[in-house]
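Accompanying notes for the structure given below.
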Amino acid sequence: MIAPEHPLSITRQAEVLEISRSSVYYRPRPICAAELMLMRKIDELHLKSPFAGSRMLRDMLAQQGIEVGRRHVRTLMRRMAIETLYRKPNTSKPAPGHRIYPYLLRGLAITRCNQVWSTDITYIPMARGFVYLVAVVDWFSRRVLAWQLSITMDASFCIEALEEALNKYGKPEIFNTDQGSQFTSEAFTGRLKREGIAISMDGKGRWCDNVFVERLWRSLKYEHVYLYAYESVSEARSKIGGYFEFYNGQRPHSSLGAQTPDQVYFHRPPEALAA
């Protein structure tokens, strides 16, 4: 997204994208193995008990023989972009001045593909270090339309995933996100508005408003991420890409009548896809 050879200065490019200039030059610092192990444990516990806050996670870790302070757990949760999921004020805070849009999906019947798309960010552990993953999902078919990895939590990789989905699959009627600063930025919402897409945002602390993406993260991590220890970002990108091909094209979903997301999205019978 940032091009050093572009006529615009890097400072100006960062301003246009509404990202911190320091993130352009960011290089990940090594994290000790014990810290990575602890983050992996927190991630696993969070998937099983998303209602658990830093105190409860501390106590759950203690049950496993891992002694760690609550403040350290809270620090790691922030680094991993993990939030306790229950109704509370001031969650997924947007950047100051960013507009918050109303939630448009309450009571809405989702009856066709490209009616509603949604997106979210999750933490992906590796053998040494971690990355962040963003994905764009079609609600009706559950199909992953586009995804990107990043070593930082800026908005640029979210915009790249959005651009890829729009270029490949047209546009939805409604696009739903949480209230994170990446999705409330003018660079992100402006792209949706230029396409005439209605913008919907989850209520504060309302994890269930984006439940289909949350289910995708659970499937991805238990069926793939936790089975491998990615040695590099390139390996993570390759193997996650392979999983999403399996998820879209081969993995049947009970909620789709044992069809795959590809079958539902492209309206193809099983024999046509096999051919």
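Backbone amide hydrogens, once placed in the peptide plane, bring D120 within less than 5 Å of A135, excluding anything fewer than 5 places away on its chain. Taken one residue at a time, the phi angles of region 111-116 give Karplus couplings (6.51, -1.76, 1.60, θ = phi - 60°) of 10, 7, 5, 6, 7, 9 Hz. Gly and Pro are set to x.
Phi angles across region 118-123 convert, under the Karplus curve 6.51 cos²θ - 1.76 cosθ + 1.60 with θ = phi - 60°, into 3J(HN,Hα) values of 9, 8, 6, 10, 9, 8 Hz, Gly and Pro given as x. 3J(HN,Hα) along region 168-184, derived from phi through the Karplus expression 6.51 cos²θ - 1.76 cosθ + 1.60 where θ = phi - 60°, amounts to 8, 10, x, 8, x, 6, 10, 10, 10, 9, 8, 9, x, 4, 5, 8, 8 Hz, with x in place of Gly and Pro.
Just so you know, all these numbers are worked out from the coordinates, no wet-lab data involved. The structure displayed is predicted, hence computed values, not measured ones.
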